[in-house]
Every structure is written in C-alpha cells, then in structure tokens.
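Comments concern the structure below.
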C-alpha cells in the first residue's frame, strides 16, 4: 500500500464542517442508541463556563440546553413501552443525528484552546452554522411519526418543547463579541498607520477570548501558524483568509511582546519546551532523528521498523545508501511510511507549549516573508511586526536582566521562523545590541542572543552588520567560553554563515584564536559541535591565506583521528571534504601524505562509504595527492589492495563528476606503471598481492 501524499490534510480544518453522510439501511433501535450517546456528549459541554466558551457564550448555552432537552426526549422514547420503533422514524432520527454531529463539531471548535481569536473573528459564521443546526433539529422533530413523539405523555411534551425551542432560538454573536471584534478592526487600522494602540483596547480583546498569559498567547500564535501552513500546503496562498491570519498572528506577536512582562512557567526562558512536556511513557530521545539527533518534524518508518525524520533519511537514501543507519540491515524497499502516532505525540507536546509543529523542509514556507512569500504580509501585519521589533530592541538597550531575557527569547523565536522578522531586526539595528549582550553573565541571555545572531547571520544585511560592528572576535570568544554547549555550537554556526563570503572568511582567519578553536572542537567536541566546526573550517578554507593556518593548528591530525574513529559515520564524509580542501594547496597535500596511515584509511573509506558526496570528495582528494605528491604517491596508491576495484565501481555507478575523477585516477596509475616498465620487458603477470590495472579511456 502506498503511503498517503504529503499534501493530504492531517486533520479537519477548524470551523470547516465535514460532509456527514446520512445513515442508510440501519434499524431504528441502534440509530436511536447512537443518537442518545451523541446528544449526551453535546449536552455535557460546560456552556456556563466562560473559560471553556469565551466567545458566543449565549449561543452555546442555547445549543447545549437544547441538546439536554433532546436527550431527555430521546431517553423517554427509548424507555417507552414500545416493542420496536417504526421504520418511518428513521428519516427523522437520521436528520437529528446529522444535525447533532455538526453541532458537536462546532462546539468542539469553539472550545478549542489556542483558537480563541480565530473563533472570535469568525463568530458570525459560527452563529449562522449553529442556527442551521437548530433549524435542522426543528425540521427533524416535525417529521418524526406521532407514534414516536407521543410514545408517552412526557415524551410528547418534551418533543414539542424541543421543536418550539429550536424554531424560536435566536443565535447571534453577543454584545461583548461584537465590541471585541470592533476593537480588533480598530487596532489593525492603527497598525496600518504604524501607530501603537492603547493597551486597554488590546487587553479588552485578550480578556474576551481568555488569553491571560504569555504561554496562552503563544498557543494562539501556534494555532494560527498551523492554519496558515494548512492553507499553504493546499495551494490556497493568496486568499483574503490567509492575509487575515497573517495579520492576526502579527497582532498576537505584538501582544505577547509588549503586554506580557514575563514568560510563565509553562516555558523555559530560552523558548524551548521543558523535558517534562514529553509523555512519561516515552523516552525523549525517541523523538529525535537517529541521523541528525534533532527533533523529528516529519517522522517516517522504514522497512526495518526504525523511525527517522523524512528529510534526513531521504538524504541518506539519495546518497546511495540502502541500509538502515541504526541496524545496518539492508532496506527491502525505499517506501517511507508516515509514523502518525509519533507525529501526534510531537505535535501535542509542542502545541502544549505554544509552538507549532515545524513543517517538513521539503514543503516549508516562510509565512509572511518578503519577496516570493507564500503568504501575503498585509500592511497591518507589517506595522504590528515593526512595533514589536522596535519594542524588543529597546529592551536590549535599556531593559533589566529579566526584560532582556524575555526580549532575547522573543528575538530568537521570531528571527528563526520568519525572513520578514529577520529583515526587520536587521533594519532596527538589533545586531550591535545583541553583540553587546554576549558579555552578559546570565546564561539564558547569552544563549538567546547567540541563537538570534545565528538566525540574523543568514540574512545578507545581518552578516554585514555583524562584521561592521566588530562582532567576529566576540563570536570567537563565545565559541571558547560560552556558558552552554549549545551556545558554543551556535556560535560556530555563525562563523559558517559568515564564511560563505570570501572577504569575511579571510577576516575571520585574521583572528589568531579562530581556526585553532575550530580545530580543537573537531578534536574534542560533541557530535554537533564537531560537524559545525568542520563545515565552518571548510568555508574558511576558501580563502588561500587560511590553509597554512589550518595546517599549523593541527587540522590534518585532528581530521585523521576523526576518520579513524568514525570511518563510515555521519562525520566521515565531512572529514574527507575538509581534507580535500586542505590538499588543494601543495603544503596541505604534503601534510596529509605525511600523516601516518591516513592514505590507507582514505582508501578504506572509499571502499566502505555509502555516501555519494563522500566518495566524490575522497576520489578528488586522492587525485590532488597524486598531483602534489608525484610518482611516489601514484606508486603507493597503485599498490593498495582494493583501490582499483573501488575506482572501477565508481566509473560504472558513480555520479558523472565522481566517474570522471575515478577514470582520471585510474589512468594516472596506469600511465605510471607503463612508464616505469622498460619497453623491452614483457608486461608482468599480476600476482595475488597486486590488482590488475585496466586502462579506462577518457
């Protein structure tokens, strides 16, 4: 069976009623029993609890009260002294069943935490749907046979009361709902003009929908973000509804940033979910992808039963690997089956902390981004976002430690998930202030500031601002003395983004501690720290002036040691790629050749690695070693068991680039043996210790 397509909705969209099919070929008795259960469910809703139904309170009370009357009527009919119900009752009972199902959907949506503002904005639509449901109940009661309605004296009175109440019900948004909705529109108009609204007007809206804390505000934002993602995945990216959702999200971000002065206990200071939110019966590491060790956003299961994040296992298989990374078993099929259960656990865990489930990288949209945005960013949303960013930057400059902790947490969250907010922070000159906060002793402030700078370093203006403010040295210092391991790793990642610019790469190399620090992390760091350090060093090596510094810092020895301990792991391919970059210079190639046993390990890696990119870098490295090392290196490679077989295999099955490099290396070795053998002597017969060399025509 093929897995469902990725654009298939995971759940019913809020306030979108599904098609409820009438019951067919069903006896009246089981239909009545099901209807009793359904009416009992609707009647049990806490209609009088303002915290459960903050919007449309009067309409919900009417619907729940009517469900209670209908339940009493149905129970009376069920308990009446009737041997069987007539089949003529099926039509009326079916209509009641359909109406009560729709009513249950609506009430469930109205009570959903995190969707309060969206329910308020759609109060008119919800009231209209409830009126239709009540009208359907009244019409269904009218078509029930009199023998059913009048099964007893009490059932007759209840039936007429239900029909009368359903016909007479007046369902409309309350006065408080209408006032709050007018306030939302007024506030959005002020945002369009770049004017900050009065706090009392904003609080009136939040009080109406029952949002009283930072985490509740975050929960509302997370819900709207998931709604936006659902519409983007469905291709509905330019509708007025999408623009409205973006505006409401910006409104709530403004509220969270400006009105709430502290992060309540449901959240950690850095905005990350606390471990306690993970269900007790599941290990937290089970939510991490075994390949990347990061939280899975799209968990899928392979044929061996292991679960991975879709993006990482897809890259693994695209690289030519056909074994399970955890068990080493061969994958019988390339099918990836979505792990809906684990996805639900991760989503529930994140939503409980006000965070939406991140979208898979293959379908991810940057909502509200400028330039090719999937979701239009309205003038009101842009105005609210600018006001929120200005408030955050002001807190960087003048806030207390607690205020700075919250401000950096907000900057971290906003800059990570939106290119638009990223650009706003750069425009607001946030980078110099974040650099100043790196010296703060508070570990949370420093960690959030570094994470924010990491996101801003992905923006060209952010990289420029960081370099112009003299931030390279500060970032290098954090790599050495950061308060948390994650802080140090994020600082290394900043150097990676900076190294994408050749001028910045050369500038980083001028700091005496920069390259030795990266080499130290390669030698001693944790998995993620080593990987970040290698990709950063790879970027720095695009500047020729950094090659000698990397060699002097002991990069080759560190990489050689890592290749010995992780020959076919996740870091091995990165190790070989950095060695190949070092060997581009003759001095670097000679150091690689002088490292004991390194060439032999490279040949072993070429034979054993499942990574296409790793094989490509390895073949390229061997070609460079031959070029800079001369005939001695060629002779050394020609005598190594297994090399020629690996090269011929790559000629046949490798990528075009890898195949070309492999053919080149084969012919270099072949020419060496042809030239070294006197022409008067016959070609030697290969013995068991040496492989036969076959020339490959380029």
| query | Looking at this structure, is residue 203 within 17 Å of residue 122 (Cα to Cα), within 33 Å of the chain's Cα centre (by Cα) and in contact (Cβ under 8 Å) with a residue 40 or more places away in the chain? | reply | no
| query | Would a scan of segment 137-146 turn up a residue that is surrounded by fewer than 22 Cβ atoms within 10 Å (Cβ to Cβ) and modelled with pLDDT of 90 or more? | reply | yes
| query | Of (1) touching a residue at least 12 places away in the same chain (Cβ under 8 Å); (2) more than 17 Å from residue 62 (Cα to Cα); (3) not in a helix (DSSP H, G or I), residue 180 satisfies all except one. Which? | reply | (3)
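Condition check ((1) assigned to a helix (DSSP H, G or I); (2) surrounded by 15 or more Cβ atoms within 10 Å (Cβ to Cβ); (3) modelled with pLDDT of 50 or more) across all residues:
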{"residue": "264", "(1), (2), (3)": "no, no, yes"}
{"residue": "281", "(1), (2), (3)": "no, no, no"}
{"residue": "290", "(1), (2), (3)": "no, yes, yes"}
{"residue": "311", "(1), (2), (3)": "yes, yes, yes"}
| query | Can you spot a residue in segment 612-630 that is surrounded by fewer than 21 Cβ atoms within 10 Å (Cβ to Cβ), touching a residue at least 12 places away in the same chain (Cβ under 8 Å) and within 22 Å of residue 565 (Cβ to Cβ)? | reply | yes
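One line per residue, one yes/no per condition, for (1) surrounded by 17 or more Cβ atoms within 10 Å (Cβ to Cβ); (2) part of a helix (DSSP H, G or I); (3) not assigned by TED's automatic domain parsing to the domain that holds residue 70:
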{"site": "134", "(1), (2), (3)": "yes, yes, no"}
{"site": "160", "(1), (2), (3)": "no, yes, no"}
{"site": "164", "(1), (2), (3)": "no, yes, no"}
{"site": "184", "(1), (2), (3)": "yes, yes, yes"}
{"site": "189", "(1), (2), (3)": "no, yes, yes"}
{"site": "205", "(1), (2), (3)": "yes, yes, yes"}
{"site": "222", "(1), (2), (3)": "yes, yes, yes"}
{"site": "227", "(1), (2), (3)": "yes, yes, yes"}
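The values are calculated or read from the model by the stated rules, or taken from the named source; none is laboratory data. Worth saying up front: this structure is predicted, and the values here are computed from it rather than measured. In this analysis, Cβ positions are derived from the backbone assuming ideal geometry, glycine residues included, and neighbour counts consider all displayed protein chains.
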